[in-house]
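The values are calculated or read from the model by the stated rules, or taken from the named source; none is laboratory data. Not measured: the values here are computed from a predicted model. Cβ sites come from the backbone with ideal geometry, for glycine too, and all protein chains shown count toward neighbours.
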Amino acid sequence: MDHDRQTSDGSDDAPTRRNDVNVHKLDDEALLYDPAHGAVHRFNTSTLFVWDLCDGTNDRNTIAVALAQRFAIEPQQAQSNVDRVLMHLQTLGLLD
């Protein structure tokens, strides 16, 4: 993790998903297998969309704008959703 790129709350500006997590996309959701913890997580379409953008090049705001456009939601709602998803991904240990 690049510790020079953190916001005031300590979170990454450009979150990066762990590259060892296996993703199996289904119709309207995906299953993610975390080999480090032996855990499987089910993601809905919007959470998977955020996950896919966590490549280390997109900051929170960019992800929120993309989410708002993709799912036709208000920017404030998209930002709230992104913040919630990123916090959840961090809690699960799925981000670097």
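What are the residues in the stretch 24-43 that are over 15 Å from Leu94 (Cβ atoms) and either at pLDDT 95 or above or not aliphatic (A, V, I, L, M) (or both), if any?
Those that are over 15 Å from Leu94 (Cβ atoms) and either at pLDDT 95 or above or not aliphatic (A, V, I, L, M) (or both): Lys25, Asp27, Asp28, Glu29.
Inside the stretch 1-18, can you point out the residues that are of a type in the set (S, T, N, Q) and modelled with pLDDT under 95?
Gln6, Thr7, Ser8, Ser11
If the Cβ limit is 8 Å and pairs must be 6+ apart or interchain, which residue in the stretch 67-86 that is within 11 Å of Val50 (Cα to Cα) pairs with which residue that is at pLDDT below 95?
Close Cβ pairs satisfying both conditions: Leu86/Ser11.
Please enumerate the residues belonging to the stretch 71-96 that are surrounded by 15 or more Cβ atoms within 10 Å (Cβ to Cβ) and over 20 Å from Leu32 (Cα atoms).
Of everything in the stretch 71-96, those that are surrounded by 15 or more Cβ atoms within 10 Å (Cβ to Cβ) and over 20 Å from Leu32 (Cα atoms) turn out to be Ile73, Ala78, Gln79.
Check the stretch 49-70 and report whether any residue there is exposed (fewer than 15 other Cβ atoms within 10 Å of the Cβ), at pLDDT 95 or above and of a type in the set (A, V, I, L, M, F, W, C).
The answer is no; no qualifying residue exists.
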